[in-house]
């Protein structure tokens, strides 16, 4: 009868090794959460410094693809070194490849929970727990949209949530453009759009604006800007390839009408992707992470945790400023680890 004693075969050895590796996985030097431009910049700097970073790029986290809002941008013409412009997805593909080339490990998983109450820090993807010395939060902020009929059909085909990113695209030049919003951002974006559009219509759902007096005055005195008050968007219209109009309703009279336009820009705010932090990081009233001496430093109130980019920036929200701030975050994380050693 064959003995039932353990046989030290190669397969059994590998099995034991994998079990031990699973239970006693080494602590990560640096975990980067999500993969927006900020995250890849941090990954490149950290990897070049031999910190062997691990990035969890997310899977439709925040309702957008792993590479963030640039995946919804058709052409970026204001990124330095790209005089011919570059497609948003192409730019993120190149950033991702550069991160990998420098030594970053990337997993297409979403971090949905963290525990920053103990050291080492812990992040969770489902039931999987990962321990880390330092964590960089690069989860960005997602532009709010209205969800009107036809919105999905004409996103990137005339509908945008970033006028400053896309205002100069040929499809918007010398066209009638519509901005939905009532705050400073809406006024600022409408003014920007007048440089290329033939006319800009601002839809306001009430008779009052929340924008500062100076921004209101600038918009009201601009001959290319028209206000439609008590007006709400109902449906985006088009020919299948591009936005051609917008069905609106007067919420006082219930009268519907169609505005012929080739561009619709949402300026109704952003939602920072910080819900998964569950209050373990200091955030402001709008949900943005508060960093020490922001925006000069990226350290948060939690030791070993850093944040920058759109998740901590409610003003600029540009790919270039996001990348720059994450260069700072990576350098600060490196310095912190070296000091602790």
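The values are calculated or read from the model by the stated rules, or taken from the named source; none is laboratory data. Only a predicted model underlies this, so the values are computations on that prediction, with no experimental measurement involved. With ideal geometry, Cβ positions are generated from the backbone for all residues, glycine too; neighbour counts draw on all protein chains shown.
I'm checking my understanding of the structure. Among residues of segment 128-153 that are closer than 22 Å to residue 238 by Cβ and within 20 Å of the chain's Cα centre (by Cα), which one is surrounded by the fewest Cβ atoms within 10 Å (Cβ to Cβ)? Break it down into steps so the answer makes sense when it comes.
Within segment 128-153, the subset closer than 22 Å to residue 238 by Cβ is 143-153.
Imposing the further condition that a residue be within 20 Å of the chain's Cα centre (by Cα) reduces the set to 143-147, 151-152.
On the way: 143: 19, 144: 14, 145: 15, 146: 15, 147: 7, 151: 17, 152: 11.
Residue satisfying both the conditions and the ranking: 147.
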When segment 127-145 is examined, which residues are found to be modelled with pLDDT under 90 and part of a loop (DSSP other than H, G, I, E, B)? 138, 139, 140, 144, 145
Of those in segment 314-341 that are in contact with a strand residue (DSSP E or B) (Cβ under 8 Å, 6 or more places away or on another chain) and farther than 21 Å from residue 27 by Cβ, the residue modelled with the lowest pLDDT is 326
If we keep only residues of segment 193-217 that are in a helix (DSSP H, G or I) and touching a helix residue (DSSP H, G or I) at 6+ places or on another chain (Cβ under 6 Å), then the residue surrounded by the most Cβ atoms within 10 Å (Cβ to Cβ) is 193
Please identify the pairs in which a residue from segment 194-221 that is free of Cβ contacts under 8 Å to residues at least 24 places away in the same chain has its Cβ atom under 7 Å from the Cβ atom of a residue that is assigned to a strand (DSSP E or B) and surrounded by 13 or more Cβ atoms within 10 Å (Cβ to Cβ), counting only partners at least 6 apart or on another chain. 207/229
Counted residues, segment 250-287 - those being out of contact with any helix residue (DSSP H, G or I) (no Cβ under 7 Å at 6 or more places or on another chain), assigned to a loop (DSSP other than H, G, I, E, B) and at negative phi: 12
Is it the case that segment 177-192 has a residue that's touching a strand residue (DSSP E or B) at 6+ places or on another chain (Cβ under 7 Å), modelled with pLDDT of 95 or more and surrounded by fewer than 23 Cβ atoms within 10 Å (Cβ to Cβ)? no
Within segment 94-118, which residues are surrounded by 14 or more Cβ atoms within 10 Å (Cβ to Cβ) and free of Cβ contacts under 8 Å to residues at least 24 places away in the same chain? 100
Residue 260 fails exactly one of the following numbered conditions: (1) more than 17 Å from residue 177 (Cα to Cα); (2) modelled with pLDDT of 95 or more; (3) surrounded by fewer than 14 Cβ atoms within 10 Å (Cβ to Cβ). What is the number of that condition? (1)
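Residues 47, 39: which one is part of a helix (DSSP H, G or I), assigned by TED's automatic domain parsing to the domain that holds residue 311 and modelled with pLDDT of 90 or more? It would help to see each step written out before you state the result.
On the way: 39 fails: modelled with pLDDT of 90 or more.
Sole residue among the options that is part of a helix (DSSP H, G or I), assigned by TED's automatic domain parsing to the domain that holds residue 311 and modelled with pLDDT of 90 or more: 47.
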